[in-house]
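S.K.: One structure, pasted below without further comment.
The values are calculated or read from the model by the stated rules, or taken from the named source; none is laboratory data. All of these numbers come straight from a predicted model, not from anything done at the bench. Because the Cβ atoms are built from the backbone with ideal geometry, glycine has one as well, and the counts that use them run over all protein chains shown. Remember, those area values only see protein heavy atoms, side chains included, never the ligands or the DNA or RNA. Shrake-Rupley method; radii C 1.70, N 1.55, O 1.52, S 1.80 Å.
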Amino acid sequence: TPTLLQDKQDGRTTNSSAADRHPPAGQPRRNHRGGAVPGRRVPLLQEADAEGVDGDDCVMKRIEKHATLSGGKVELVFHNVPQAWHPQSAVMHEGFFAYHLAAGSDSAKTIAYLNAFYHQQPQFEDIHTKDKSRVDIHNMCVDIAKSIESDDAVIAKMKSNLSFDHLTPENGNMGLPQVTKALKFSIKHHRLRGVHVTPTVFINGIESTDMSSSWTVDEIIEKLESVA
């Protein structure tokens, strides 16, 4: 059975490396099921950015539903792929990792945050962020987290993860400790795998070059059914 791996300014791989087995704090653990191993689920890896899909009918959620209806034969793996030609992208991913860390890497909470984020995607487009600062965009991410997170302690931790209070004139370029570490890991990971645009889709560890952002969810599911 196949695993769909899709990179969408957010990405991952099915090959097991030391970095995959022991990712830094805040980076979701890699899943190595699938590949060429008989009798395993087909890994579908989506490398995606934080601006990727839209709302309750988003690509990821519909594929996940299909995977469930298919008896769990398809597994969706999501990876972060910040894109430099949208300067706000890296800042949006800082917000993602700040919340993911604050929520204790809780998968359900992370998915809820991403879904809420997709509903607000238009406000992060270039036309709306061209005059905003890094802190402005962080605050937009915090507002999204507040819409789905009932634990004030998690929001406080997210804000702490995005604080620059530790910087001094002597050490003024130290980034956002664990958030920056997770962001660097994601960037190195997709660079090593040759991921450039999003979405980039890998099925069983092999890039599916025919799939692109122009595909509908139904077309993606039809593709999966042909290999599952």
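S.K.: So, LEU167, is that one surrounded by 16 or more Cβ atoms within 10 Å (Cβ to Cβ) and either part of a loop (DSSP other than H, G, I, E, B) or touching a residue at least 60 places away in the same chain (Cβ under 8 Å) (or both) or not?
M.R.: In short, no.
S.K.: Related question: Of (1) open to solvent by 60 Å² or more (accessible area, probe 1.4 Å); (2) at pLDDT 95 or above; (3) in contact with a helix residue (DSSP H, G or I) (Cβ under 8 Å, 6 or more places away or on another chain), ASN139 satisfies all except one. Which?
M.R.: (3)
S.K.: Considering only residues that are in contact (Cβ under 8 Å) with a residue 12 or more places away in the chain, outside any helix (DSSP H, G or I) and not small (Gly, Ala, Ser), which ones fall in region 95-151?
M.R.: Residues satisfying the conditions are GLN120, GLU125, LYS132, ILE148, GLU149.
S.K.: Any idea which residue in region 198-226 is least open to solvent (accessible area, probe 1.4 Å), counting only those that are under 27 Å from GLY95 (Cβ atoms) and free of Cβ contacts under 8 Å to residues at least 40 places away in the same chain?
M.R.: Top of the filtered list is SER212.
S.K.: Here's something else I'd like to know. Which ones in region 198-228 are over 20 Å from the mean Cα position of the chain (by Cα) and within 16 Å of PHE78 (Cβ to Cβ)?
M.R.: Listed by number, the list holds a single entry, LEU224.
S.K.: Separate question: Identify all residues within region 173-197 that are more than 16 Å from HIS79 (Cβ to Cβ), assigned to a loop (DSSP other than H, G, I, E, B) and either open to solvent by less than 50 Å² (accessible area, probe 1.4 Å) or of a type in the set (Phe, Trp, Tyr) (or both); write none if there are none.
M.R.: Within region 173-197, GLY175, LEU176 qualify.
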